[in-house]
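The values are calculated or read from the model by the stated rules, or taken from the named source; none is laboratory data. Quick caveat: nothing in here was measured; it's all calculated off a predicted structure. Here the Cβ is made from the backbone with ideal geometry for all residues, glycine too, and neighbour counts use every protein chain on show. We work out accessible area using only protein heavy atoms, side chains counted, and drop any ligands, DNA or RNA first. Shrake-Rupley method; radii C 1.70, N 1.55, O 1.52, S 1.80 Å.
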Amino acid sequence: MKAKTFGLCLMAALAALTLTACGERTGGGTFTYEELMAKFEGDIEENAVIRVLDNQMAVETGHLQEVLDAFNERYAEYNVQAVDANMDQYVDLEQNGPDGYGPDVLYQANDMLMRYAEGGHILPLPTEELDIAEIPSSVMDAYKLETYGLDLYYAMPVAQQSTVLTYRKDLLPENWEEEWDDNENGVPDMVETMNGLYAYSKQVKESSSGSKYGLYMSLVDQYFNTGYLLSYGAYVFGETHDDIGLAADGAEVGLNLFRDLAGVLGSTCISQNATTQAATYLTNSAGTAFCTIGTPDWLTTFRENLAATYVRGGMSEAEATAAAEENLVVVAPPRLPTDGDITKELTDIEGETFAPTTMGGVNAFGISAYTKYPKASLAFVKFVSEYENLRWRCEALGAVPARLDLAEELGGVSEMLSERVASGLVYMMPSTRDTQYIWDPLSSLFNDVATDNTTRNTPIYTTEEALKGALEKLVSDIRSAMAVGNIS
C-alpha cells in the first residue's frame with residue numbers, strides 16, 4: 001500500500017523563519033505566529049489540570065479513563081492531571097470556549113474542528129513535534145488552513161472514517177455459491193453489488209412477510225447516503241462555497257437509486273434510530289438483518305452483541321468470541337450500476353458496475369485556544385497519537401487509524417478503508433464551517449425521497465425532472481441555511 005505522505009520539511013523550515021505576519025486575536029488585538037508557537041515551548045506546566053473531550057464510545061467503554069490514567073502516570077513528575085471533560089461530545093467550543101466552559105483538548109471530525117480553526121478557537125500545532133510522517137497528505141490536508149500566509153495544521157489526525165458493509169457470514173444462504181455468485185469469484189453477490197443486495201433484500205422481505213431484512217440501515221442518515229449522490233457526479237463545494245454541487249448533472253441518477261433502495265428497505269428504516277437498531281437486528285438469534293451499511297467503529301459493539309447471543313445459545317465465552325469474529329465480516333461498500341438501475345439483473349459485474357464514492361472524514365485531537373495549559377495539552381495529543389497508544393485505541397474502539405503503517409499492520413477493515421482513501425474513493429467532508437449547513441437539508445431530502453417510495457399515497461419523484469427538482473431544492477435550502485448562519 002503506497003500513498004503520498006506528508007513530510008516534516010515544511011514546518012521545520014518555518015521554525016527557522018522570522019515571521020511578521022499577524023492575525024486577529026480572539027477577543028481583540030493581534031498576535032504573531034511566533035507568539036502562538038511560543039505557547040508550546042519549554043517544560044510542561046506543573047500542577048496543570050487539562051480537560052479532555054473524547055467521543056462517547058471512548059467514554060462508555062472505559063478506554064478514555066485508561067488513557068488518562070496512563071498519561072497521568074507518565075507525567076507524574078509534573079503533577080499533571082488529565083481528566084474527562086465530562087461534556088457532551090458535540091459541545092460547541094465556539095460558543096462556550098470564550099466563557100471558559102470547554103475542553104482543553106478535544107477529539108472531533110474535521111468539519112467541526114476546522115470550523116473552530118476558522119474562528120480562531122483552536123491553536124495551530126507545532127507539527128515538527130508530532131509524528132506525522134506516516135499520515136497521507138490528503139488526511140493531513142483536512143486540517144490545513146492558510147494563516148499568516150502560511151499553511152498551518154490545526155489538529156493531529158488519529159482516525160479516518162467512511163462507510164463499509166458489515167454482514168453475517170453465518171446467515172448466508174447455504175446455496176449461495178451456486179445461486180449468489182454469478183461471476184464465480186468467491187464473493188457473494190449480495191455483498192459485492194448493490195443490485196445483488198437489492199435482489200437479496202427483496203427475497204428476504206418477501207419470504208419472511210416483512211419480518212426480516214437483507215439490508216437494514218437508516219434512510220435518513222446524511223453521512224451514509226450522500227455517497228449515492230457523490231458516486232454519480234455530485235460534490236459539496238467547488239472552488240468557492242457559492243458553488244454547491246449536490247445537484248450537479250448525474251446526481252439525480254444516484255438519488256433515484258436511493259429511492260429504489262428505500263422501496264425494498266421499507267418505512268421502518270426512515271429513522272436515525274435505525275443506525276443503533278442495526279446493532280440489535282444484525283446480532284440477535286433471529287437473524288433479523290443480514291447486513292448493514294455504516295461506519296466501522298460499530299464493529300466492536302456488533303461483535304460483543306453477537307458473542308452474547310451465542311453465549312445465550314449455549315456456547316462458551318471463548319467459543320462465542322471466536323465465532324463472532326469469524327461471522328461478522330466487513331467489506332467495502334457494494335459496487336453500483338453504471339446506469340443507476342439496481343432493480344435489474346446484472347450479466348457482467350465488472351463491466352456494468354463501479355466502486356462507489358462514499359462520504360468520509362478524519363477525526364483528530366485539537367487544542368483549545370482558551371486553554372491555560374497548552375504545553376500539557378500538546379503532551380497529551382502527542383501521547384495519544386503515539387504508535388502503540390494509537391493501536392491501543394483502534395483495537396479498543398474499532399477505529400481505523402490515520403497512519404498508513406498501522407493500518408497495514410492491523411489489516412482487515414483498517415487496511416481496506418485506508419486503501420479506499422488513498423485511491424480517492426472517499427470524499428472527505430469539506431473542512432469548513434459551512435459544512436455544518438448541509439446536514440439538515442440532506443436529511444430532509446432523504447426522508448422525503450424515501451417516504452415517496454414507501455408510504456406516500458401519490459408518489460412525486462417518479463421522473464428525472466422531479467428528482468432534479470428535489471436536488472435543486474436541497475441546494476436552495478443549504479444556501480438559505482448558510483445565509484442565516486453566517487449572519488448570526
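Is at least one residue of the range 297-305 out of contact with any Lys or Arg (no Cβ under 8 Å at 6 or more places or on another chain) and at pLDDT 95 or above? Checked the range 297-305: at least one residue is out of contact with any Lys or Arg (no Cβ under 8 Å at 6 or more places or on another chain) and at pLDDT 95 or above.
Here the range 267-276 is the region considered, the condition is being in contact (Cβ under 8 Å) with a residue 40 or more places away in the chain and open to solvent by 10 Å² or more (accessible area, probe 1.4 Å), and the residue that is nearest to residue 166 (Cα to Cα) is 275. For the range 408-438, residues that are open to solvent by less than 30 Å² (accessible area, probe 1.4 Å), more than 16 Å from the chain's Cα centre (by Cα) and within 25 Å of residue 302 (Cα to Cα) total 1. If I filter the range 199-211 for residues that are open to solvent by less than 10 Å² (accessible area, probe 1.4 Å), under 30 Å from residue 440 (Cα atoms) and touching a Ser or Thr at 6+ places or on another chain (Cβ under 6 Å), do I get at least one hit? Scanning the range 199-211 turns up no residue that is open to solvent by less than 10 Å² (accessible area, probe 1.4 Å), under 30 Å from residue 440 (Cα atoms) and touching a Ser or Thr at 6+ places or on another chain (Cβ under 6 Å).
Within the range 352-361, can one find any residue that is modelled with pLDDT of 95 or more, farther than 30 Å from residue 119 by Cα, aromatic (Phe, Trp, Tyr) and open to solvent by less than 40 Å² (accessible area, probe 1.4 Å)? Checking the range 352-361: not a single residue is modelled with pLDDT of 95 or more, farther than 30 Å from residue 119 by Cα, aromatic (Phe, Trp, Tyr) and open to solvent by less than 40 Å² (accessible area, probe 1.4 Å). Among the residues of the range 240-274, those identified as among the small types (Gly, Ala, Ser), assigned to a loop (DSSP other than H, G, I, E, B) and at pLDDT 95 or above are 245, 247, 248, 250, 266.
Checking each residue in the range 277-300 for being closer than 15 Å to residue 165 by Cα and either open to solvent by 30 Å² or more (accessible area, probe 1.4 Å) or assigned to a loop (DSSP other than H, G, I, E, B) (or both) picks out 281, 282, 283, 295, 297, 298, 300.
When the range 86-103 is filtered for residues that are open to solvent by less than 10 Å² (accessible area, probe 1.4 Å) and in a loop (DSSP other than H, G, I, E, B), the ones remaining, listed by number, are 102, 103.
Of everything in the range 352-376 that is touching a Phe, Trp or Tyr at 6+ places or on another chain (Cβ under 7 Å) and assigned to a helix (DSSP H, G or I), the residue that is farthest from residue 75 (Cα to Cα) is 374.
If you go through the range 59-70 and keep only what is touching a Lys or Arg at 6+ places or on another chain (Cβ under 8 Å) and either free of Cβ contacts under 8 Å to residues at least 24 places away in the same chain or aliphatic (A, V, I, L, M) (or both), you end up with just 67. Filtering the range 114-173 to residues that are in a helix (DSSP H, G or I), touching a Leu at 6+ places or on another chain (Cβ under 8 Å) and open to solvent by 10 Å² or more (accessible area, probe 1.4 Å) leaves 118, 128, 129, 169. Test residue 385 against the criterion of being touching a His at 6+ places or on another chain (Cβ under 9 Å) and open to solvent by less than 30 Å² (accessible area, probe 1.4 Å), and give yes or no. Criteria not met by residue 385. Got at least one residue in the range 330-348 being without any contact (Cβ under 8 Å) to a residue 60 or more places away in the chain, assigned to a loop (DSSP other than H, G, I, E, B), in contact with a strand residue (DSSP E or B) (Cβ under 7 Å, 6 or more places away or on another chain) and open to solvent by 10 Å² or more (accessible area, probe 1.4 Å)? So far as the range 330-348 goes, yes, one or more of its residues are without any contact (Cβ under 8 Å) to a residue 60 or more places away in the chain, assigned to a loop (DSSP other than H, G, I, E, B), in contact with a strand residue (DSSP E or B) (Cβ under 7 Å, 6 or more places away or on another chain) and open to solvent by 10 Å² or more (accessible area, probe 1.4 Å). Do we have any residue at all in the range 238-245 that's hydrophobic (A, V, I, L, M, F, W, C), in contact (Cβ under 8 Å) with a residue 40 or more places away in the chain, open to solvent by less than 10 Å² (accessible area, probe 1.4 Å) and touching a helix residue (DSSP H, G or I) at 6+ places or on another chain (Cβ under 9 Å)? No, the conditions are met nowhere in the range 238-245.
Just wondering, is there one or more residues in the range 60-76 that are polar (S, T, N, Q), surrounded by fewer than 18 Cβ atoms within 10 Å (Cβ to Cβ) and at pLDDT below 95? Yes, the conditions are met somewhere in the range 60-76. Applying the set (1) of a type outside the set (A, V, I, L, M, F, W, C); (2) over 19 Å from residue 335 (Cβ atoms); (3) out of contact with any Phe, Trp or Tyr (no Cβ under 7 Å at 6 or more places or on another chain); (4) at pLDDT 95 or above to residue 227 leaves exactly one unmet item: (2).
Among the numbered conditions (1) open to solvent by less than 20 Å² (accessible area, probe 1.4 Å); (2) over 23 Å from the mean Cα position of the chain (by Cα), tell me where residue 473 comes up short. Failing condition for residue 473: (1). If you go through the range 447-470 and keep only what is open to solvent by 60 Å² or more (accessible area, probe 1.4 Å), without any contact (Cβ under 8 Å) to a residue 60 or more places away in the chain and either part of a helix (DSSP H, G or I) or in contact with a Gly (Cβ under 8 Å, 6 or more places away or on another chain) (or both), you end up with just 465.
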